[in-house]
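Worksheet: the structure to be examined is printed underneath.
The values are calculated or read from the model by the stated rules, or taken from the named source; none is laboratory data. These figures come from a predicted structure and were not determined experimentally. Quick reminder, even Gly has a Cβ in these numbers, built from the backbone with ideal geometry, and neighbours come from all protein chains shown. Areas reflect the complete protein model, heavy atoms only, side chains present, ligands, DNA and RNA absent. Shrake-Rupley method; radii C 1.70, N 1.55, O 1.52, S 1.80 Å.
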Amino acid sequence: MNETLSSMPFLPALLLHAAIPLTIILVYALVAIWAERKVAGFIQDRLGPMRVGGWHGWAQSIADLLKLIQKEDIIPADASRFWFKFAPFMMFAASYAAFAVIPFSSGYIGSMVNIGVFYLLAVTSVLTLSVIMGGWASNNKWSLLGAMRSAAQMVSYEVPTIATVLTVVLVAGSLNLMEITELQSGNDTLGFLPNWLIFQNPFLITAFIMFFISILAESHRVPFDLPESESELVAGYQTEYSGMRWAMFMLAEYADMLLLSLLGATLFFGGWNSPFGDFLAGPFWGFFWFMLKGLVLVFVMMWIRWTLPRYRVDQLMAICWNILIPLSFVNLVLAALWEMIF
Amino acid sequence: MGILILNSIFQPGLVHFLTVSAILFSLGLMAVLSKRNVIMVLMGVELMLNAANINLLAFSRFTGLGLDGHMIALFVVIMAAAEAAVALAIVLNVYNRFKTINLDEISQLRG
Amino acid sequence: MDLAAILFYVFALVTIGSAAVVVFSRNIVHAAFSLMFTLMGVAALYVLLYADFLAATQLLVYVGGILILILFGVMLTSQGYTLNFREATVNVVPAGLLSVAAAILLIYAFSTGGWVITEVDERTDTVYDLGMMLMTDYLLVFIVAGVLLLVAIIGAIVMSTRLSVNTED
Amino acid sequence: MVQAVKNSWATFKSIFTGMGITGRHLVGPTVTLQYPEERATLPKNARARLFVNMDDCIGCTLCAKACPVNCIDIETVPTTADVDLGKTSTGNPKRFWLTRFNIDMAKCMYCDLCVHPCPTNCIYMEQEYEYSEYDRSNLLYKFSQLSPVEVDDVKAKAEAEAIQKQKEKEEKARQKAEEARLKKEQEAAEKARAADDGTGAVPAADAAKAAGTAAPDAADAARVAGTAAKPAPGSPSKQDDTQNPSKGEA
């Protein structure tokens, strides 16, 4: 009993600790949805949203959020009600839970577990199941087809993702993302480059390219957005969702995008380390650099989205099984050999 | 004093974990015995494997067995993955041939 | 009771409750989705047993792999419409009696086992230790497991390629 | 293997080419006009809302006849002798009151066919393109400058003048017929007198023939009068209908 009482003040601290990534995700999602539209607009020589708020329609996503909150929550009559309601929350919970092991700065990490990367990959594999859940519970053939495509895609692309992450883990010698980041401090490579892992081993460059392709597919971004290809499947597994449940799906997708980009930034680009050595270093600048690196990757994803057309399902699977998986394993072995020799 | 005793009874120990695993195992057994759908039987087997894993890890945690329990549990998980892949391939083949996956109707040795 | 005890009871309840739904649900897809809760609950119990690496493996392999495979199997072998995944249940009474007997026997055996309980410190470096063991004591088992997986993959691929040939006929 | 490497190289090259193009557009200038604040200037011959300069309209109804969707509805009333509406800016004399000139812009299909026949160039398309309305009836533009009272007034006057003219015409026709009859009677009398002097029976037949030829003349005159008077039976009642309330109002 005494222990229960003594654990009470621990709870507010725990909640505060857990709320930090949530705040980051929510703010990021608002900014990213606006930025995505702006990037789309500028690439197509348009302006994008300009009306809401003052400068360049900065409040557009907030207005959209208010609209979504007010919308009617429609559940199809023949849907499987419990799973239909549950799926979006499970999807968001899975992407949110994965943020626990991301080292946002040298001063903050949700949970300093030793199996950080492994935990992250394990938790994100739950996303696949929630997609199937949402698609099946809608009792709609487009939803089910989109969900099955999504499941096949995510399960397949998990293999090259894990193989490339393993390459980094092999070079870094740790599964803890904080330790991997600390390993990359300093500016000694070739005299001036930062000690980022991508400069440490030539096979990590190819690993990064494959990792980036895989995370594009994992987070359902163009050119691999088959689960929600609107021209064939209406909206894939989100077809029957509306209002806040749909917003949860969108939030989870954007959170997933940020999560995998931040993972890429941690594994290959030095995490919260400043690119200029001790210049502008420290916990707060660390957070700035980390988010900057992650958001650059997110921006590249958006850029690709408005550049490339969508692949077919068979092409998608062929890319994964014929090219990425063999190449990533060969790359893993070569990186290991490089580490052995040098 | 009473609170202390209660505390020691409810404090999860080896037996608590073993009890959970026993219930899980018997539920899996129930599924295997009473279901006639191959996939349901497969799920029952997974439940039983999980119960066994809980046992292994509980003994590894509460007795001085070290990490051997973890090792065996890891191999059980690996085996379960292989088993599921092969079993589902078989199920699909059976379905392709008999157009059913009810165990009672799949009684021929030569299809 | 401390936080660990509360967590144990919550997750034990989740595990057993959802396992009961798996067994007694009449809809296979509902059973499969409930199995997800069971597997997650078991993963949480692993964490309480200081087996963090195995908990993550459990999530990755079971929830991200086997469960998806099972769902694919359900979707590919069901006849009729999506919500109509009914399945037959037989021998409920004997099976129930047998499993209750098994549960009682097991619990009796476990609680009267007189186990020698030694307090182990919280393990933090399980991954490192497991890796060392895999490369020393369990090297042969590791290799055999790898061969087993390879055989399983080849077998599954061969069977499903034959399947596609059959369906083309 | 070589082929695969070549393919990959081609893929990456095309991806980077594409991303270069989109990247250039990303930083390039945008072409969007912020519509309510900025507007594009329309070309001179743009077809938008129709407008009628009523000062120049002579009521020829050529535009209404040209309209393929009958969206122009014109009613004209001829002016009375005591009013001079003046001339248009192009020098055409105006001879009609335009009691109704309605254009239904909801029907208009912007074919521009009404603009060209206009002899005074008074109907044309403006540069105005924002005239959406919540109610469709607001799209019926009424260009007539006369108030209802004035319309009634003008109609009554025109009516009165028409009746007046009609009466004059009838009077003339009657006088003409009378004169013809008198003339014929005279001639017949003269002939009869001559016949009395000569044979006897034949001139009577001649007289009858002459009377027969005169009768169609009278019938013609009556028909002319009839066509002139035709509007008359309807219009007096209409006049009563329209004038009585206005009197009541007055």
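Which aspartates and glutamates have a Cα lying under 19 Å from the Cα of D:LYS44, excluding residues fewer than 8 positions away in the same chain? Result set, ordered by chain and number: D:ASP112, D:GLU126, D:GLU128, D:GLU130. May I ask for the angle, rounded to the nearest 10°, between helix B:14-34 and the longest principal axis of chain B, with both axes built from Cα atoms and the value confined to 0 to 90°? Roughly 20 degrees between the two axes. Sorting the segments A:78-90, D:144-156 by their residues' average number of neighbouring beta-carbon atoms within 10 angstrom, most packed first, yields A:78-90, D:144-156.
The residues packed around D:THR80, meaning those with a beta-carbon under 9 Å from its beta-carbon, carry a net charge of -1 if Lys and Arg are +1 and Asp and Glu are -1. In units of the compact-protein estimate 2.2 N^0.38 Å, chain C shows a Cα radius of gyration of 1.33. The spacing between region C:7-27 and region A:88-104, judged by their C-alpha centroids, is 24 Å. Ranked by the mean number of other Cβ atoms within 10 Å of their residues, highest first, the peptides D:111-117, A:24-30 come out as A:24-30, D:111-117.
Counting charges near A:PHE224 (Lys, Arg +1; Asp, Glu -1) among other residues having Cβ under 12 Å from its Cβ returns a value of +2.
Computed over protein heavy atoms with a 1.4 Å probe, the carbon and sulfur contribution to the accessible area of region D:50-146 reaches 49%.
Remark: mean inter-chain Cβ contacts per residue of A:128-136 equal 5, using a 10 Å Cβ-Cβ cutoff to other protein chain atoms. Here A:LYS38 is the anchor, and the lysines within straight C-alpha reach of less than 22 Å, apart from those fewer than 8 places off in the same chain, are A:LYS67, A:LYS293. Legend: mean number of C-beta atoms from other chains within 10 angstrom of residue C-beta atoms, peptide A:174-184, equals 1.
Straight-line reach from D:LYS142: which aspartates and glutamates fall under 13 Å, measuring Cα to Cα and dropping same-chain residues less than 8 apart? Output for D:LYS142: D:ASP73, D:GLU75, D:ASP104. Here is what passes the span test in chain A: the DSSP H helices with alpha carbon length of 18 Å or more along the helix axis and a Kyte-Doolittle mean of -1.0 or above are A:10-43, A:81-98, A:116-137, A:141-172, A:202-218, A:243-268, A:283-305, A:325-341. Taken as entire DSSP H runs, the helices of chain C that both span 18 Å or more between Cα atoms along their own long axis and average 0.0 or more on the Kyte-Doolittle scale are C:3-24, C:28-48, C:92-111, C:139-168.
If you take the Cα centroid of region D:69-136 and the Cα centroid of region A:266-342, the two points sit 70 Å apart. Mean-square fluctuations from a GNM of chain B, with a 10 angstrom spring cutoff on Cα atoms, peak among B:ASN37, B:ASN50, B:ASN96 at B:ASN96. Solvent-accessible area of B:LEU67, all protein chains in place: 20 Å² (probe radius 1.4 Å, heavy atoms, ligands and nucleic acids excluded). Sequence-distant contacts, meaning Cα pairs under 8 Å at least 6 residues apart, place the relative contact order of chain A at 22 percent. Across peptide C:15-27, the mean count of Cβ atoms from other chains lying within 10 Å of each residue's own Cβ comes to 5. Heavy-atom accessible surface of chain A, averaged per residue, reaches 41 Å², computed with a 1.4 Å probe.
Between A:GLU182, A:GLU228, A:GLU218, the Gaussian network model of chain A with springs among Cα atoms under 10 angstrom shows the greatest mean-square fluctuation at A:GLU182. For the chain pair A and D, buried accessible area totals roughly 1400 Å², probe 1.4 Å, rounded to the nearest 100.
Approximating the spin labels as points 7 Å out from Cα along Cα→Cβ, the A:TRP338-to-C:LEU3 distance works out to 4.1 nm.
Heavy atoms of the protein chains alone define the surface here; on that basis region C:3-137 has 46 Å² accessible area per residue at 1.4 Å probe size. Here's the picture: a label point sits 7 Å out from the Cα of C:THR136 along the beta-carbon direction, and within region B:40-77 nothing has its amide nitrogen under 11 Å of it. Listed peptides A:33-46, C:54-67 appear in the order C:54-67, A:33-46 once ranked by packing, highest mean of other Cβ atoms within 10 Å at the front.
Residues D:ARG136, D:ARG193, ordered by accessible area of protein heavy atoms at a 1.4 angstrom probe radius and largest first, appear as D:ARG136, D:ARG193.
Springs between Cα atoms under 10 Å define the GNM used for chain C, and in it the highest mean-square fluctuation of C:THR112, C:THR136, C:THR126 occurs at C:THR112. Surface listing: A:TRP55, C:TRP115 arranged by accessible area from highest to lowest gives A:TRP55, C:TRP115, probe 1.4 Å. With Cα atoms defining each centre, region A:106-124 and region A:197-253 are spaced 21 Å apart in the structure.
Work through the residues other than B:LEU14 whose Cβ is under 14 Å from its Cβ and net out their charges, Lys, Arg +1 and Asp, Glu -1. With Lys, Arg at +1 and Asp, Glu at -1, the net is 0.
With the simple model of a label 7 Å out from the Cα in the direction of the Cβ, A:MET244 to A:LYS67 spans 1.9 nm.
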